[in-house]
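Report on the structure given below.
The values are calculated or read from the model by the stated rules, or taken from the named source; none is laboratory data. All figures in this text were calculated on a predicted structure; none of them were measured in a lab. Neighbour counts are summed over all protein chains in view; Cβ atoms, including those assigned to glycine, are modelled from backbone coordinates with ideal geometry.
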Amino acid sequence: MGIPGEAIAEIGRELREECGVFAVWSPESTRQGGRVIRGLNILQHRGQDACGIVLLGDEHVCSVKNTGKVEDIPRDKVEEIAAFIGRTGSGHVRYGTVETDDPAKAAGPNLGKARDGRFFYLNHNGTIVSQPREWAPALTDSARLAETFGLQWRENERLPDMVRRVLQSVIGGFALTLVTRDEMIGVVDPNNLRPLILGQLPENKGFVLASESPALEIVGARIVHRLDAGEMVHVTSSGRINREIIFPETKHLECSFESIYFARPDAMLNGNSAQMRRYKMGELLASQAPVDADIVVGVPDSGIPAAQGYAYVSGIRLMNGLVRNRYGGDRSFIQPSDDERVSAVRRKLLADPSVVDGKRLIVVDDSIVRGNTSREIVEMFREAGAIEVHGRISSPTVTNPCYYGIATGDRDQLMASDMTVDEMRVALDMDTLVFLSHQNLNAAIGTTHCGACFGGEYPTKLPIPCGVVRSSPVAVTDESKVFENQRG
Ligand code: AMP
């Protein structure tokens, strides 16, 4: 199904990451539903539009797709899921980049069926930017992948052989899980742009794949391995683990936005947690851009660890100048127009005058994308009596759209794409404004990462026309229409 041009433009206004994925395999049939629900619940920050669960028994399949969060799944369905017996299960939480009347329809896992009746369920986090023109049409790139995998699955071909073969013609940033009744596969793109972690349940009870490590922890699994760039992990029906790099050229370029904003604070990212990286970003920012002020205020939630690091190095006390509404304020990015989104910032956060009145503030946030959040926060601080507001941002300026799963929208919606930092400072009504340098970002992350959104180079070819076609819906291209995107 095609998506009209207007819908594509609308999608670009949203700033959303795509999804969280979870899959489980056990050597024997057992109740898997509780594990999948718990795992998805821990990944909920990765998507709240819709969720889906599928459990595969010897003869039956139990599945649900629901609009909203995992906790919104109807009680009777939860009971059915909890009681279902099978060896494998899979679940998906989704932030949509394809607008649909019924978000549940676009949630994974997606069914893929071979012509001979064999089938699997596929979960997908990320974005397919290019795939062959002859691929099956579908609502989302995830559904398209599942259908195409199924159609291209040859008789007598092993599941991993099909996955390896078909993925060779796919370009993008992706983490996929596939489950059949007795096998499980996890695979990531050749640049490792989207995360996938393999875990092991205790007492040989099986294996788990998840987007973030806390989802393993909640089901009692220990981390075995974060998949390497281009790696496929295959858990066979007998529980053997086969690991293989399936792409000829690979490079470790994990997404910097996972470290900066997206991942849960306690998610382990190659050796340290997201929040320790954010803390380090704050420490480095304080050395890079000191300023005389009375208090440091972090923007909840992902700005807080960086604010703590900034406060520690600067010696300026950290105060809770912004109070977060714990109920219902978390969907500020799901507003149809900019005006509504701006007021949504206040629904989520309010300045506390008793903390900020008469003070010179250093406000630490993780990023400025369109600038709506910062603009609104500074306005609130000024209304609450702040006498100076110094913006300190724990990432570099976001100048380029992401095509790999952090759907930041068109270039012209990115504040830094056509403004200098000083112009941004003026537009945001700040006294000073400094972004973390690229060098300090590199030092805080400590491993090679993708910085395409910070004006870095895109690690893959991109579809024409760049900046118009984005993430889902799928850009249908043939090789002749794909080109190397230039810098900036
Ligand atoms: P903006 O208001 O457009 O400048 O967005 C920046 C704010 O949104 C920051 O406070 C971030 O914490 C948050 N943010 C950054 N990236 C994302 C994303 N992918 N989805 C939702 N919020 C984000």
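Would you confirm whether any residue within segment 456-464 is at pLDDT below 95, over 23 Å from the mean Cα position of the chain (by Cα) and either surrounded by fewer than 17 Cβ atoms within 10 Å (Cβ to Cβ) or in a strand (DSSP E or B) (or both)? Yes: segment 456-464 contains one or more residues that are at pLDDT below 95, over 23 Å from the mean Cα position of the chain (by Cα) and either surrounded by fewer than 17 Cβ atoms within 10 Å (Cβ to Cβ) or in a strand (DSSP E or B) (or both). Of everything listed in (1) of a type outside the set (Val, Ile, Thr); (2) more than 18 Å from Asp228 (Cα to Cα); (3) not in a helix (DSSP H, G or I), the single unmet condition for Leu176 is (2).
Could you check, for segment 305-314, whether at least one of its residues is within 13 Å of the ligand (Cβ to nearest atom) and either at pLDDT below 95 or outside the structural domain of Lys348 (by TED's automatic domain parsing) (or both)?
Quick first cut of segment 305-314, residues within 13 Å of the ligand (Cβ to nearest atom) only: 305-307.
Narrowing the set further to residues that are either at pLDDT below 95 or outside the structural domain of Lys348 (by TED's automatic domain parsing) (or both) leaves none.
No, every residue in segment 305-314 fails to be within 13 Å of the ligand (Cβ to nearest atom) and either at pLDDT below 95 or outside the structural domain of Lys348 (by TED's automatic domain parsing) (or both).
The rows are residues; the columns are (1) in a helix (DSSP H, G or I); (2) surrounded by fewer than 19 Cβ atoms within 10 Å (Cβ to Cβ); (3) touching a residue at least 24 places away in the same chain (Cβ under 8 Å).
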residue: Glu203; (1), (2), (3): no, yes, no
residue: Ser237; (1), (2), (3): no, yes, yes
residue: Asn242; (1), (2), (3): no, yes, yes
residue: Leu284; (1), (2), (3): yes, no, yes
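When the residues of segment 370-403 are filtered to those that are away from the ligand (no atom under 13 Å from the Cβ) and of a type in the set (Gly, Ala, Ser), the one that is surrounded by the fewest Cβ atoms within 10 Å (Cβ to Cβ) is Gly385. Taking segment 267-300 as the search range and keeping residues that are farther than 21 Å from Ala386 by Cα and among the charged types (D, E, K, R), which one is nearest to the ligand (Cβ to nearest atom)? Only one residue tops the list, namely Arg278.
Do we find that Leu56 is at pLDDT 95 or above, farther than 25 Å from Asn192 by Cβ, of a type in the set (A, V, I, L, M, F, W, C) and buried (at least 24 other Cβ atoms within 10 Å of the Cβ) in this structure? Considered against the rule, which asks whether it is at pLDDT 95 or above, farther than 25 Å from Asn192 by Cβ, of a type in the set (A, V, I, L, M, F, W, C) and buried (at least 24 other Cβ atoms within 10 Å of the Cβ), Leu56 comes out as yes. Could you tell me whether segment 225-235 includes any residue that is assigned by TED's automatic domain parsing to the domain that holds Pro27, farther than 14 Å from Pro195 by Cβ, surrounded by fewer than 19 Cβ atoms within 10 Å (Cβ to Cβ) and out of contact with any Ser or Thr (no Cβ under 8 Å at 6 or more places or on another chain)? No, there is no match, as no residue in segment 225-235 is assigned by TED's automatic domain parsing to the domain that holds Pro27, farther than 14 Å from Pro195 by Cβ, surrounded by fewer than 19 Cβ atoms within 10 Å (Cβ to Cβ) and out of contact with any Ser or Thr (no Cβ under 8 Å at 6 or more places or on another chain). So, in segment 256-282, exactly how many residues are touching a residue at least 40 places away in the same chain (Cβ under 8 Å) and part of a helix (DSSP H, G or I)? Number of matching residues: 12.
Just checking, does segment 161-184 include any residue being in contact with a His (Cβ under 6 Å, 6 or more places away or on another chain) and of a type in the set (S, T, N, Q)? No, that holds for no residue. When you scan segment 164-177, do you find a residue that is closer than 22 Å to Cys62 by Cα and under 22 Å from the mean Cα position of the chain (by Cα), even just one? Within segment 164-177 (the criterion being closer than 22 Å to Cys62 by Cα and under 22 Å from the mean Cα position of the chain (by Cα)), the answer is yes, since at least one residue qualifies.
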